[in-house]
1. Given the options 110, 128, 122, name the one that is open to solvent by 40 Å² or more (accessible area, probe 1.4 Å) and in the same structural domain as residue 42 (by TED's automatic domain parsing).
2. Restricting to segment 226-243, and then to whatever is under 17 Å from residue 489 (Cα atoms) and more than 9 Å from ligand 1 (Cβ to nearest atom), can you tell me which residue is farthest from the chain's Cα centre (by Cα)?
3. Residue 258 versus (1) within 26 Å of residue 134 (Cβ to Cβ); (2) within 13 Å of ligand 1 (Cβ to nearest atom): which is the lone unmet condition?
4. State all residues of segment 331-355 that are part of a helix (DSSP H, G or I) and without any contact (Cβ under 8 Å) to a residue 40 or more places away in the chain; if no residue qualifies, say none.
5. Any chance you could count how many residues in segment 248-280 are within 14 Å of ligand 2 (Cβ to nearest atom) and under 20 Å from residue 65 (Cα atoms)?
6. Restrict the check to segment 83-105 and report whether at least one residue is assigned by TED's automatic domain parsing to the domain that holds residue 185, small (Gly, Ala, Ser) and open to solvent by 40 Å² or more (accessible area, probe 1.4 Å).
7. Does residue 139 satisfy the criteria of being more than 16 Å from ligand 1 (Cβ to nearest atom), open to solvent by 40 Å² or more (accessible area, probe 1.4 Å), closer than 23 Å to residue 486 by Cα and of a type outside the set (Val, Ile, Thr)?
8. When you scan segment 207-229, do you find a residue that is within 15 Å of ligand 2 (Cβ to nearest atom) and at positive phi, even just one?
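The values are calculated or read from the model by the stated rules, or taken from the named source; none is laboratory data. Note that the coordinates shown come from a computational prediction; the quantities given were computed from them, not determined experimentally. Positions of Cβ are generated from backbone atoms using ideal geometry, with glycine treated the same way; all protein chains shown enter the neighbour counts. Surface accessibility is based on the protein's heavy atoms, side chains included, excluding ligands, DNA and RNA. Shrake-Rupley method; radii C 1.70, N 1.55, O 1.52, S 1.80 Å.
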Amino acid sequence: MTAHIDASKFLDPRVAAFVSGRHAMLIGGQWLPAASGRTLDVLDPSSGKVIAAVPAGEGADVDLAVKAARKAFSGPWSSMVPAERAKLIWRLADLIEQHVDMLGPINSYECGKPIGDSRNGEVPFTAETFRYYAGWATKLNGESMTINAPGDWHAYTRREPVGVVGQIIPWNFPLAMLAWKVAPALATGCTIVLKPAEQTPIGALYFGKLVEEAGIPEGVVNIVTGFGEAAGAAMSGHPDIDKIAFTGSTEVGKMIARAATGNLKKVSLELGGKAPTIVLADADVEMAVAGASSAAFFNAGQSCGAGTRFFVHRKIYDKVMAGVAERAEKLRLGPGLDPSSELGPVVSQQQMERITRLICEGKSSGAEIVTGGGRAGDTGYFVKPTIISNTTRDMSVIREEIFGPVACAMPFDDEDLDALARDANDTEYGLAASIWTNNLGAAHRLAAKIKSGTVWINCHNFNDVTMPFGGFKQSGWGRELGAQALDLYTQTKTVAIRLP
Ligand code: NAP
Ligand code: MG
């Protein structure tokens with residue numbers, strides 16, 4: 001387990017030139033600085049060094065972007081036939097694929113994840129998401145109803161785009177989160193003001209270039225970089241934004257929901273999680289070990305679906321723990337851009353401090369560290385993959401979303417599925433869960449008892465563009481991906497006609 005320091009030596013000169021170049025925001029087809037002239041720094045999380053500066057957009061910039069989006073919504077975008085829109089979105093998907101050599105490294109550089117995960121995972125998934133929703137653009141139909149009232153009637157529904165949408169995204173999957181939001185909004189005919197996370201704006205700005213190249217009319221996609229407290233807050237409270245889609249912390253999700261009450265804009269929220277990874281006695285131990293490790297450590301644990309509470313049957317608990325600890329200790333830490341890195345840094349000093357503070361709180365309240373337990377090295381924001389045992393239900397490591405490579409493990413004794421589900425559901429979150437077993441009956445019974453938006457069986461963190469994803473309880477409102485995401489960006493109009 002070694003922490004390399006200098007990521008820049010793995011940088012292709014074209015990527016380096018783009019990252020360190022002058023950045024501007026895409027508003028109404030123009031590339032603009034912030035009206036205030038202010039910028040914000042972007043860091044390489046593997047070194048803590050500044051790698052770029054982007055405009056720090058604020059209220060005035062959001063206003064401009066909303067005006068551009070409104071103009072495009074009432075202009076070329078809504079009058080374009082769906083098949084044309086579909087072609088443009090498909091072209092954008094092709095461009096994303098063609099630009100993998102830029103998008104992959106930019107993504108790994110700014111958020112720290114292993115390059116293979118960007119290049120072979122996130123970028124292709126981003127392209128696929130656009131392609132999937134390109135197909136939906138031509139399939140958004142209403143229905144006709146058979147009326148009960150006496151007389152002759154014709155009644156039908158229309159599915160209309162909700163209008164100008166504000167999309168606020170996080171840094172953990174900068175490109176995938178962008179795609180999950182932008183693609184269905186484009187397919188339904190909405191126009192967009194996108195605010196990427198302050199830590200990861202560069203990939204989004206590069207995407208803006210591809211939007212132009214694809215020929216999507218100006219003002220349809222506007223990208224405002226900036227801080228959440230300024231640009232994000234201006235969007236959530238904006239009187240001329242019709243809908244906000246947000247992914248991030250539950251705390252900010254609640255602030256957005258409150259800010260949205262002014263014009264009662266529609267809100268969808270994809271928030272935190274504290275997913276249980278449940279390993280039943282009959283599970284294939286090798287598979288469960290690999291699955292639980294990846295559930296906890298994939299993307300350095302910075303995934304809302306991360307498996308952070310292991311419930312393992314006592315019969316196999318020691319074996320599973322030993323297997324996961326062995327894997328954790330072998331993981332090679334390093335900058336995402338180094339192709340030999342298996343685990344990157346976490347995204348920021350703030351996140352690293354939060355994670356290590358939570359680990360310390362666990363220790364001081366009596367939990368035991370099975371492996372890991374703190375920062376790795378003293379350069380960049382690396383955290384050792386960590387497994388914690390001997391926890392109790394009220395500890396902060398059990399209750400809070402840690403968002404780092406950290407999981408807590410608990411043995412259980414019998415297979416009373418109700419008791420197991422009660423423990424697994426003992427969280428304010430309800431985003432995802434996984435169950436590891438070969439017992440079909442137990443798998444389905446338990447899946448029905450788990451209160452979360454997704455239940456994975458013998459897999460974890462498996463997302464497919466066709467499968468709706470979102471939260472029960474405080475993990476959010478609404479579902480992204482699949483056909484359900486189209487509901488977030490359309491509204492139904494009923495038309496009833498009395499036939500003369
Ligand atoms: P966050 O603050 O919720 O960030 C998500 C997005 O919301 C960013 O674009 C952020 O802008 C923006 N934002 C922040 N404050 C805002 C406000 N008042 N109004 C409107 N938008 C606002 O998350 P974070 O601070 O980066 O991470 C904190 C914790 O959130 C993590 O430890 C993790 O538990 C959770 N998280 C969850 C997810 C997820 O996928 N569900 C993703 C990221 C983080 P800035 O970039 O300027 O902050
Ligand atoms: Mg923040």
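1. Numbers: 110 fails: open to solvent by 40 Å² or more (accessible area, probe 1.4 Å); 122 fails: open to solvent by 40 Å² or more (accessible area, probe 1.4 Å).
Unique residue meeting the criteria: 128.
2. Looking only at segment 226-243, we keep the residues that are under 17 Å from residue 489 (Cα atoms), and these are 235-236, 240-243.
Then keep just the ones that are more than 9 Å from ligand 1 (Cβ to nearest atom); that gives 240-243.
Values: 240: 25, 241: 22, 242: 22, 243: 18 Å.
Per the stated criteria, the residue is 240.
3. Failed condition: (1).
4. Taking segment 331-355 as the starting set, the residues that turn out to be part of a helix (DSSP H, G or I) are 349-355.
350, 353, listed by residue number.
5. The total comes to 1.
6. Initial filter on segment 83-105 (assigned by TED's automatic domain parsing to the domain that holds residue 185): 83-105.
This time we only want the ones that are small (Gly, Ala, Ser), so: 83, 86, 93, 104.
Then keep just the ones that are open to solvent by 40 Å² or more (accessible area, probe 1.4 Å); that gives 83.
Yes: one or more hits.
7. Details: more than 16 Å from ligand 1 (Cβ to nearest atom): yes; open to solvent by 40 Å² or more (accessible area, probe 1.4 Å): yes; closer than 23 Å to residue 486 by Cα: yes; of a type outside the set (Val, Ile, Thr): yes.
Answer is yes for this residue.
8. Yes, some residue in segment 207-229 is within 15 Å of ligand 2 (Cβ to nearest atom) and at positive phi.
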